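Novice: Sharing a structure with you now.
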Amino acid sequence: MSSYTSRSIDAQGNAAYSDEENRVWQDLITRQIPVVQERACQEYMNGLRLLNLPRDRIPQCHEISRALHAAQGWALEPVPALIPCNQFFSLLANRKFPAATFIRRREELNYMQEPDIFHEVFGHCPMLTNPACADFAYTYGKLALSAKPEDLVC
């Protein structure tokens, strides 16, 4: 398994990604757009259109947050990597979706064990623009916080 580099967020809310990391994003999104156009539901495609993801660089979390907030009152919360269950559910219960601040390496283009920013933004955020999905994720987070720890699977 390759190592990854989690990016710190500066005072303006930006992560500094390298040219290579931005090229990985570009390669991933360029190859995935045709796939989802043929297979994804209309709600996902509507969300993808609303997010208006850049093709040439990794978007900053605050950019995605603007679109999510306008659509359903959500925000994208930068996190370094996988987070504990309580933190994950607490974010959902506060209408925040966690996004790792790293992107997979080129040799892991097809699969990475941990979710990276491409997985979070391209895979999940479009559906958070949909009222039913956004409300479900919020309710899921709230209910999970009230569950007994032994009843949770993360």
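The values are calculated or read from the model by the stated rules, or taken from the named source; none is laboratory data. Model, not experiment: these values are computed from the prediction. A quick note on method: Cβ atoms are made from the backbone with ideal geometry, for glycine too, and the neighbour counts reach across all protein chains shown.
Novice: Test residue 78 against the stated conditions and say whether it is surrounded by fewer than 17 Cβ atoms within 10 Å (Cβ to Cβ) and at pLDDT 95 or above.
Specialist: On the way: surrounded by fewer than 17 Cβ atoms within 10 Å (Cβ to Cβ): no; at pLDDT 95 or above: yes.
The answer is no for residue 78.
Novice: Keeping to the range 77-99, report how many residues are out of contact with any His (no Cβ under 8 Å at 6 or more places or on another chain) and not in a helix (DSSP H, G or I).
Specialist: Of the residues in the range 77-99, 13 are out of contact with any His (no Cβ under 8 Å at 6 or more places or on another chain) and not in a helix (DSSP H, G or I).
Novice: In addition: Just give me the residues in the range 41-51 being of a type outside the set (Ser, Thr, Tyr) and touching a residue at least 60 places away in the same chain (Cβ under 8 Å), in sequence order. Working first, answer last.
Specialist: Of all residues in the range 41-51, those of a type outside the set (Ser, Thr, Tyr) come to 41-43, 45-51.
Matches in the range 41-51: 43, 45, 46, 47, 48, 50, 51.
Novice: Okay, next question. In the range 33-61, what count of residues is obtained for those that are within 27 Å of residue 6 (Cβ to Cβ), assigned to a loop (DSSP other than H, G, I, E, B) and hydrophobic (A, V, I, L, M, F, W, C)?
Specialist: Number satisfying all stated conditions: 2.
Novice: Could I ask something else about it? Does the range 55-83 hold any residues that are of a type outside the set (Lys, Arg) and free of Cβ contacts under 8 Å to residues at least 24 places away in the same chain, and which are they? Before you say what the answer is, go through the steps one by one.
Specialist: First, the residues of the range 55-83 that are of a type outside the set (Lys, Arg): 56, 58-65, 67-83.
Passing the criteria: 63, 65, 69, 70, 75, 77, 79, 83.
Novice: Give the range 32-54 a look and list any residue that's among the charged types (D, E, K, R) and either surrounded by fewer than 11 Cβ atoms within 10 Å (Cβ to Cβ) or closer than 12 Å to residue 102 by Cβ (or both), or say none.
Specialist: From the range 32-54, those among the charged types (D, E, K, R) are 38-39, 43, 49; that's our starting set.
Within the range 32-54, 38, 39 meet the criteria.
Novice: Can I ask one more? Just name the residue that is farthest from residue 5 (Cα to Cα) out of those in the range 90-111 that are hydrophobic (A, V, I, L, M, F, W, C) and in contact with a Ser or Thr (Cβ under 8 Å, 6 or more places away or on another chain).
Specialist: Taking the candidates together, the pick is 100.
Novice: State whether the residues of the range 119-126 include one that is surrounded by 13 or more Cβ atoms within 10 Å (Cβ to Cβ), without any contact (Cβ under 8 Å) to a residue 24 or more places away in the chain and not hydroxyl-bearing (Ser, Thr, Tyr). If you could, list the steps in order and put the result at the bottom.
Specialist: Keep residues of the range 119-126 that are surrounded by 13 or more Cβ atoms within 10 Å (Cβ to Cβ), which gives 119-126.
Add one more test, that the residue is without any contact (Cβ under 8 Å) to a residue 24 or more places away in the chain, and what stays is 119, 123.
Adding the requirement that they be not hydroxyl-bearing (Ser, Thr, Tyr) leaves 119, 123.
For the range 119-126, residues surrounded by 13 or more Cβ atoms within 10 Å (Cβ to Cβ), without any contact (Cβ under 8 Å) to a residue 24 or more places away in the chain and not hydroxyl-bearing (Ser, Thr, Tyr): present.
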